[in-house]
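The next block holds one structure in the form of structure tokens; read it before the comments.
The values are calculated or read from the model by the stated rules, or taken from the named source; none is laboratory data. What you see is a predicted model; the values in this text were computed from it and never measured. Cβ sites come from the backbone with ideal geometry, for glycine too, and all protein chains shown count toward neighbours.
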Amino acid sequence: MASVMSKMDELVESLQRRYAVKRFDSSKQLDTDTWTAIERSLVLTPSSFGLQPWKFFVISSPEVKAKLPAISWNQSQPGDCSHMVVFAALKSVDEEYIDKFLNKTASTRGVSADSMSTYRKMILGFMQNATGRHLAWSSNQAYIALGQLLASAAILGIDACPMEGILTAEYDKLLGIADSNYTSVVGCALGYRHPEDKHAVAAKVRFDLSEVVTHI
Ligand SMILES: Cc1cc2nc3c(=O)[nH]c(=O)nc-3n(C[C@H](O)[C@H](O)[C@H](O)COP(=O)(O)O)c2cc1C
């Protein structure tokens, strides 16, 4: 009798199956329902204070994708994938942005903006302290979204390649955000692996669990 895999085993198997794809099958595209689920999980990413200091750009047009390898260290994945996501982080977290978030919280939860004045002060204080380091902070948050995207894709059996090998200034120009308060920090190509991508069968290189996990 076939044994039923536990949820725990299924999770680990999905993550074991995922790998950083070097060659996508350009003939395969993700269907709309699958992509919608991916976007919905991306938007659910948690962030410090809940501020969501990011924008996600999704490139699926073949004409635009064709331009990407030249601004991605000549890597083929952004050109051959189905969808390329570019994570842009907020350069400066100003008072206006914080109020936009607090107003959203107030309307979503049916509370008054005034009731959040202590929280507002706390966020403002944190951001004042972090003057000059907002982008580093926002980038950290964007990388959490990258992690959530990778895990979500793996669970759905979709292949991906996280990509820092992109020329962010060139991506900013292409996305039309060069003069904005956002800048690209990292990308992720998604689609389906090419059957001949040798990296799919390479053994995973990870330090032993006992070396990196400490129980106190
Ligand atoms: C933030 C980040 C950026 C990465 N950038 C690239 C990249 O530009 N090109 C690439 O082929 N792989 C890239 N990788 C993939 C890593 O090399 C890969 O995840 C790592 O070697 C572990 O292998 P695995 O993901 O196949 O298990 C990146 C991974 C991360 C997390």
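Below is a table of values for the structure above.
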| quantity | calculated |
| --- | --- |
| Of all residues making up the stretch 162-171, the number that are within 11 Å of the chain's Cα centre (by Cα) and away from the ligand (no atom under 11 Å from the Cβ) | 0 |
| Single condition Asn74 does not satisfy, out of (1) touching a helix residue (DSSP H, G or I) at 6+ places or on another chain (Cβ under 8 Å); (2) under 30 Å from Ser27 (Cβ atoms) | (1) |
| Hey, Glu13 within 29 Å of Val205 (Cβ to Cβ), among the acidic types (Asp, Glu) and assigned to a helix (DSSP H, G or I) or not | yes |
| Matching option when the condition is in contact with a strand residue (DSSP E or B) (Cβ under 9 Å, 6 or more places away or on another chain) and either more than 12 Å from the ligand (Cβ to nearest atom) or not aliphatic (A, V, I, L, M) (or both), among Leu174, Leu146, Leu150 | Leu174 |
| Matching entry among Ser26, Ser92, Ser14, Ser60 (being surrounded by fewer than 17 Cβ atoms within 10 Å (Cβ to Cβ), in contact with a strand residue (DSSP E or B) (Cβ under 6 Å, 6 or more places away or on another chain) and hydroxyl-bearing (Ser, Thr, Tyr)) | Ser60 |
| From Tyr119, Tyr143, residue being at pLDDT 95 or above, closer than 20 Å to Leu42 by Cα and surrounded by fewer than 19 Cβ atoms within 10 Å (Cβ to Cβ) | Tyr143 |
| Yes/no for Asp159 being more than 9 Å from the ligand (Cβ to nearest atom), charged (D, E, K, R) and either touching a Phe, Trp or Tyr at 6+ places or on another chain (Cβ under 7 Å) or under 12 Å from Leu68 (Cβ atoms) (or both) | yes |
